[in-house]
Amino acid sequence: MKLFLDTALIEDVDAALATGLVEGLTTNPSLMAKSGQPMMAQVAALAARVPGPVSAEVGALNTEGMIAEGKALAAIARNVVVKLPLTEAGLQACQALRYADIKTNVTLCFSAAQALCAAKARATYVSPFLGRVDDNGGDGLQMLREIRTIFDRMDTSTQILAASVRTVDHVVGAAVAGADCVTLPPNIFHALYQHPLTDKGLAAFTADWEKAGLSIL
Ligand code: G3P
């Protein structure tokens, strides 16, 4: 399972890239607005930094507008992926962009039925929103398991990109369920490699190291 970062802030991207663990980036209009930068320039700056796919979302609500915006976004850099909402217009735009050899990420997916439609529309990625499903009384990870089962039976090339991730347990659950990628807000990304028992154990080892005057170099 690939680890993507879910942010449009350059400082978040730089801090996470330094770990060497980030394999892609996703943004959405709310994250882009938080950056306070002109969208096209910000997508270009992000795409130049990240060594992997960078999803940038269209704002148009009709098919023609999505296709035009998608082509403009894809022209920024080879690693830009066009993010489209999971609506009838978005599914139509997804097929047209695929025909133009442009990668797509169909987003705002809240059910296995919707994910099935994204795969039929030949999306490169589909983004099921785990946290928002949980927020609304559903079970995001159960939705993810259903999508994995359906996609395996369909033998589709559409990749499952687990999104709206709120906890480290969501990340582990997504990996166990067989998500191809997961996109993480910076706080969850950095929480992945942290554990209080690691800190406690390291403090004890360091104290013993100093007490005994150990050295290597
Ligand atoms: O980029 C989509 C996504 O991950 C949204 O997450 O936390 O706003 O539901 P959230």
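Of the conditions (1) surrounded by fewer than 16 Cβ atoms within 10 Å (Cβ to Cβ); (2) in contact (Cβ under 8 Å) with a residue 24 or more places away in the chain; (3) in a helix (DSSP H, G or I), Leu61 fails just one. Which one is it?
(3)
Looking at this structure, is Met39 closer than 18 Å to Ile76 by Cα, open to solvent by 40 Å² or more (accessible area, probe 1.4 Å) and modelled with pLDDT of 95 or more? Please lay out each step first, then the result.
Working: closer than 18 Å to Ile76 by Cα: yes; open to solvent by 40 Å² or more (accessible area, probe 1.4 Å): yes; modelled with pLDDT of 95 or more: yes.
Against the criterion (closer than 18 Å to Ile76 by Cα, open to solvent by 40 Å² or more (accessible area, probe 1.4 Å) and modelled with pLDDT of 95 or more), Met39 qualifies.
Hey, can you tell me all the residues within the stretch 18-30 that are of a type outside the set (A, V, I, L, M, F, W, C), exposed (fewer than 14 other Cβ atoms within 10 Å of the Cβ) and not in a helix (DSSP H, G or I)?
Hits for the stretch 18-30 are Thr19, Gly20.
Looking for something open to solvent by less than 70 Å² (accessible area, probe 1.4 Å), touching a Cys at 6+ places or on another chain (Cβ under 9 Å) and small (Gly, Ala, Ser) - is there at least one such residue anywhere in the stretch 91-107?
So far as the stretch 91-107 goes, no, none of its residues is open to solvent by less than 70 Å² (accessible area, probe 1.4 Å), touching a Cys at 6+ places or on another chain (Cβ under 9 Å) and small (Gly, Ala, Ser).
Give me a count of the residues in the stretch 144-170 that are open to solvent by 10 Å² or more (accessible area, probe 1.4 Å), part of a helix (DSSP H, G or I) and within 16 Å of the ligand (Cβ to nearest atom).
Of the residues in the stretch 144-170, 3 are open to solvent by 10 Å² or more (accessible area, probe 1.4 Å), part of a helix (DSSP H, G or I) and within 16 Å of the ligand (Cβ to nearest atom).
Checking Ser55 against (1) surrounded by fewer than 19 Cβ atoms within 10 Å (Cβ to Cβ); (2) among the small types (Gly, Ala, Ser); (3) within 16 Å of the ligand (Cβ to nearest atom), which test does it fail?
(1)
What's the total number of residues in the stretch 186-217 that are over 30 Å from Val165 (Cα atoms) and among the hydroxyl-bearing types (Ser, Thr, Tyr)? Walk me through how you get there before you give the answer.
Narrowing the stretch 186-217 to residues over 30 Å from Val165 (Cα atoms): 203-217.
From what's left, among the hydroxyl-bearing types (Ser, Thr, Tyr): 206, 215.
Count: 2.
Residue check, Arg78 against (1) outside any helix (DSSP H, G or I); (2) in contact (Cβ under 8 Å) with a residue 12 or more places away in the chain; (3) within 17 Å of Asn105 (Cβ to Cβ), all met but one. Which one?
Going through (1) outside any helix (DSSP H, G or I); (2) in contact (Cβ under 8 Å) with a residue 12 or more places away in the chain; (3) within 17 Å of Asn105 (Cβ to Cβ) one by one, Arg78 breaks only (2).
Just one of (1) out of contact with any Asp or Glu (no Cβ under 8 Å at 6 or more places or on another chain); (2) open to solvent by 20 Å² or more (accessible area, probe 1.4 Å) trips up Thr7, so point out which.
(2)
In this structure, does Ala15 turn out to be among the aliphatic types (A, V, I, L, M), away from the ligand (no atom under 14 Å from the Cβ) and either modelled with pLDDT under 95 or open to solvent by 40 Å² or more (accessible area, probe 1.4 Å) (or both)? Even if it seems obvious, please write down each step before you answer.
On the way: among the aliphatic types (A, V, I, L, M): yes; away from the ligand (no atom under 14 Å from the Cβ): yes; either modelled with pLDDT under 95 or open to solvent by 40 Å² or more (accessible area, probe 1.4 Å) (or both): yes.
Yes, satisfied.
So which of Ala174, Ala163 is in contact with a Phe, Trp or Tyr (Cβ under 6 Å, 6 or more places away or on another chain), of a type in the set (A, V, I, L, M), under 15 Å from Gly131 (Cα atoms) and in contact (Cβ under 8 Å) with a residue 40 or more places away in the chain?
On the way: Ala174 fails: in contact with a Phe, Trp or Tyr (Cβ under 6 Å, 6 or more places away or on another chain).
Among Ala174, Ala163, only Ala163 is in contact with a Phe, Trp or Tyr (Cβ under 6 Å, 6 or more places away or on another chain), of a type in the set (A, V, I, L, M), under 15 Å from Gly131 (Cα atoms) and in contact (Cβ under 8 Å) with a residue 40 or more places away in the chain.
For Ser55, are the conditions met, namely being out of contact with any strand residue (DSSP E or B) (no Cβ under 7 Å at 6 or more places or on another chain) and either in a strand (DSSP E or B) or of a type outside the set (A, V, I, L, M) (or both)? Write out each step before concluding.
Values: out of contact with any strand residue (DSSP E or B) (no Cβ under 7 Å at 6 or more places or on another chain): no; either in a strand (DSSP E or B) or of a type outside the set (A, V, I, L, M) (or both): yes.
Judged against the criteria, Ser55 is not a match.
Just to be sure before I move on: is Ala204 open to solvent by less than 60 Å² (accessible area, probe 1.4 Å), at pLDDT 95 or above, away from the ligand (no atom under 16 Å from the Cβ) and in a helix (DSSP H, G or I) in the structure I sent? Lay out the reasoning, then the answer.
Numbers: open to solvent by less than 60 Å² (accessible area, probe 1.4 Å): yes; at pLDDT 95 or above: yes; away from the ligand (no atom under 16 Å from the Cβ): yes; in a helix (DSSP H, G or I): yes.
Criteria met by Ala204.
Any chance you could count how many residues in the stretch 113-143 are in contact (Cβ under 8 Å) with a residue 24 or more places away in the chain, assigned to a helix (DSSP H, G or I) and under 20 Å from Val171 (Cβ atoms)?
9
The values are calculated or read from the model by the stated rules, or taken from the named source; none is laboratory data. Predicted, not measured: the structure shown is a model, and the values here were computed from it. Ideal geometry is used to build each Cβ from the backbone, glycine not excepted, and the neighbour counts take in all protein chains shown. To get the accessible areas, we keep the full protein, side chains included, count just its heavy atoms, and leave off ligands, DNA and RNA. Shrake-Rupley method; radii C 1.70, N 1.55, O 1.52, S 1.80 Å.
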